[in-house]
1. Could you work out the helix-only [θ] at 222 nm for the chain, with each DSSP H run of four or more residues adding -39,500 (n - 2.57) and the total divided by the number of residues, to the nearest 500 deg cm²/dmol?
2. Give the relative contact order (percent, whole number) for the chain; include only Cα pairs under 8 Å separated by 6+ residues.
3. For segment 117-148 and segment 1-78, what is the separation of their C-alpha centers, rounded to whole Å?
4. What FRET efficiency comes out for the pair Glu49/Asp173, r = Cβ-Cβ distance, R0 = 30 Å, nearest 0.05?
5. Is the shape of segment 91-192 best called rounded, prolate or oblate, per the rule: a/c under 1.5 gives rounded, else a/b larger than b/c gives prolate, else oblate, with a ≥ b ≥ c the square roots of the Cα gyration tensor eigenvalues?
6. For Asn130, put the label point 7 Å out on the Cα→Cβ axis and report which residues of segment 143-180 keep their amide N under 17 Å from it.
7. Determine the alpha carbon to alpha carbon distance for each of Lys50/Lys110; Lys3/Lys110; Lys29/Lys50; Lys29/Lys151; Lys3/Lys133 and list only those over 30 Å.
8. Quote the Stokes-Einstein diffusion coefficient, in whole µm² s⁻¹, for the chain, based on the Kirkwood radius over alpha carbon pairs, a temperature of 20 °C and a viscosity of 1.002 mPa s.
Amino acid sequence: MYKLIDLPFRENELEPVISAETIALHHGKHLATYVNNLNNLLPGSGFEEKPLEEIVASATGGIFNNAGQILNHNLYFEQLQAPSEDNNPVGKLAAAIDEQFGSFETFKEKFTAAAVTLFGSGWAWLASDNDGKLQILQMPNADNPVTKGLKPLMTMDVWEHAYYVDYRNRRPDHIAAMWKILNWQVIEQRYRL
Ligand code: MN
């Protein structure tokens, strides 16, 4: 049985970037529903006891959708922390961003464009390949870089449930604020592992 993850922050700790109301709904209702759905679908599927990454890389239909959304949301929530104004990448990942994109500012512009222009529901991703080369991806619905053999490092959720309570239709404003609450220590750790 998969379990709903605990958040690494209090529900109101991301304010004003993300409200306690949004976190309560996003984690306590949306993610909890994906966990319940997957637990109901798994018996007899052959995917029982498999790691989420393995399920997402090979399942289809409802199992793929619900496992994907659990994996995506776990990666999303675990990379967030209280807002800070001067919030920059660290370590080996910071060096790779500078080397491949020229600067963090240029990377932010490219990632923001991917998040803002993704049509409909989905996720913008920073991922790396086996050689440590970075990629920005737009992926629809429940998809995750593991389906392309890539390692997911950082993500922004652009399903409307991630921002509609706080930002209504203003997705670009939500994405612009998200940079204040990324925990680059966690994201860099994913890159190094
Ligand atoms: Mn979501």
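1. Helix-only estimate at 222 nm: -13000 deg cm²/dmol.
2. Relative contact order of the chain: 25 percent.
3. Here the two parts' Cα centres lie 17 Å apart.
4. Values: r = 42 Å, r/R0 = 1.40.
That gives a FRET efficiency of 0.10.
5. Prolate is the answer for segment 91-192, as a/c is 1.5 or above and a/b outweighs b/c.
6. The answer is 146-152.
7. Lys50/Lys110; Lys3/Lys110; Lys3/Lys133
8. Calculated translational D: 126 µm²/s.
Each reported figure results from applying straightforward, stated rules to the coordinates on display, with no laboratory input. Predicted model only: the values in this text are computed from it and were never measured. We place every Cβ from the backbone using ideal geometry, glycine too, and count neighbours over all the protein chains shown.
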